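Read-outs: derived from the displayed coordinates by stated rules, not from any lab. This one's a predicted model, so the numbers in the text were calculated from it and none came from an experiment. Cβ: placed from backbone, ideal geometry, glycine included. Neighbour counts: every protein chain shown.
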Amino acid sequence: MNSPDVEQQKKRNRRVLLTIALVFILPLTLAKLVLALGWYEPGVSQKGNLVEPELQIHTDDNAMLPATWRIAYRMPETCDSACENALYVSGQLFHALGRQQSRVTPVAIRGGEAADTLPSLPEDNTVQLLTVEGAYQQLGAIPEHSLMIIDPVGTVILWYPGSADRREAILHGRDLLSDLQKLLKLSRVG
């Protein structure tokens, strides 16, 4: 009797069911495809390079460093333009911290063969030159001329590449400042 109407109704019901199934299955399939093909890059909140594997300064050496967060630099044997830029940037970062300055100390760590004096820096530069042989040796695992963030417990958290170009060094310094401010905000130590 009404067989054409019934057939039409069945087709319409199948279409609705198929549409509903596609609405739920298609996004899941696309998400799986994006992950499988590596098109998705997970977000990271830090701008510096994580130190992997974890680098912990020995307790005795850490006791010789200020008991605050540190913007650290490992002094090379001779201080060239990349060295001067890193020391300049670390001093400027300290001033940029504003009211958080009491929680951070910029330090240049030297060993037996490293330069024994700082190059000429602006008068307001507060970088401390410290001789800590053990820490100097341990920090050798970080690329040369890099600035590092070290927490008060002695864990080297992040490092930032140095540069002989002052502008590039300042840009890396901005990244360090951003990460350090986040760490200080979340930290209760130092």
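Values for this structure:
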| quantity | calculated |
| --- | --- |
| Output for segment 101-134, where each listed residue is among the aliphatic types (A, V, I, L, M) and either free of Cβ contacts under 8 Å to residues at least 60 places away in the same chain or farther than 22 Å from His58 by Cα (or both) | Val107, Ala108, Ile109, Ala114, Ala115, Leu118, Leu121, Val127, Leu129 |
| Qualifying residue in segment 44-59 (condition: farther than 30 Å from Val189 by Cβ and not polar (S, T, N, Q)) | no |
| Selection count, segment 136-163, where residues are exposed (fewer than 14 other Cβ atoms within 10 Å of the Cβ) and more than 19 Å from Arg103 (Cβ to Cβ) | 4 |
| Residues located in segment 164-176, provided they are crowded, with 18+ Cβ neighbours inside 10 Å and either β-branched (Val, Ile, Thr) or closer than 18 Å to Leu118 by Cβ (or both) | Ala169, Gly173 |
| Residues satisfying the stated conditions in segment 39-55, i.e. in contact (Cβ under 8 Å) with a residue 24 or more places away in the chain and surrounded by 10 or more Cβ atoms within 10 Å (Cβ to Cβ) | Gln46, Lys47, Gly48, Asn49, Leu50, Val51, Leu55 |
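Per-residue answers, yes or no, for (1) surrounded by 10 or more Cβ atoms within 10 Å (Cβ to Cβ); (2) in contact with a helix residue (DSSP H, G or I) (Cβ under 9 Å, 6 or more places away or on another chain); (3) hydrophobic (A, V, I, L, M, F, W, C):
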position: Phe24; (1), (2), (3): no, no, yes
position: Leu37; (1), (2), (3): no, no, yes
position: Trp69; (1), (2), (3): yes, yes, yes
position: His95; (1), (2), (3): yes, yes, no
position: Ala108; (1), (2), (3): yes, yes, yes
position: Pro119; (1), (2), (3): yes, yes, no
